[in-house]
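Right, one structure below, let's go through it.
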Amino acid sequence: MCQDTCHVIRDHEENKEAFAGPRFFIRLAELDMHPLDQLDRKRDAQEEHGLGMCNITKCCTAVCPEHIKITDNAIIPMKERVVDEKYDPLVWLGRTIGRRKAD
Ligand code: SF4
């Protein structure tokens, strides 16, 4: 239901290739936040699955028959994680230092 109601793909056929949709974002968030999962899925979510195209209208949350808070508990936290990794100066510094040590 969330996939069908999301206007990003419902109203724009051309977005279907670039936008995975709420069902897949909740799965990506579930994996990214799991303490035993080692893969970093933030870059994929943003660059491969079009996370940035979601404009947080919460239509997917409104129609969920299981009352899963898709937007609040998956999409927004994933967006925050993407932004933290990409623009947080401390994260950038840590990555840069780590990269230098590896060289
Ligand atoms: S919150 Fe995002 S994923 Fe959910 S319906 Fe709106 S645009 Fe689509």
Practice prompt. May I ask you to give the average projected area over all directions of the convex hull of the Cα atoms of the chain, in nm² rounded to one decimal?
Written response: 7.7
Response to the item:
Sorted largest first, the C-alpha extents of segment 50-103 along its principal axes in whole angstrom are 50, 19, 17
Fill in: Average Cα contact separation per residue, the chain, under 8 Å, 6 or more apart, as relative contact order %
28
Worksheet item: How far is helix 22-33 tilted, in degrees, relative to the longest principal axis of the Cα atoms in the chain, given as a value from 0 to 90 rounded to the nearest 10?
Response: 30
Worksheet item: Relative to the longest principal Cα axis of the chain, at what angle does helix 76-87 sit, 0 to 90 degrees, rounded to 10?
Response: 30
Fill in: Candidate lysines for bridging to K58, where Cα separation is under 27 Å - those fewer than 8 sequence places away on the same chain excluded
K16, K42, K69, K79, K86
Discussion item. Between 0 and 90 degrees, rounded to the nearest ten: what's the tilt of helix 89-102 against the longest Cα principal axis of the chain?
Written reply: 50
Worksheet item: Under the rule that a partner needs its Cβ under 4.7 Å from the first Cβ, which Cys of the chain have none?
Response: C6, C54, C59, C64
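All of the numbers you see were taken from the coordinates with simple rules; none came from a lab. In this text the structure is predicted, and so the values were computed from the model without any measurement. Neighbour counts are summed over all protein chains in view; Cβ atoms, including those assigned to glycine, are modelled from backbone coordinates with ideal geometry.
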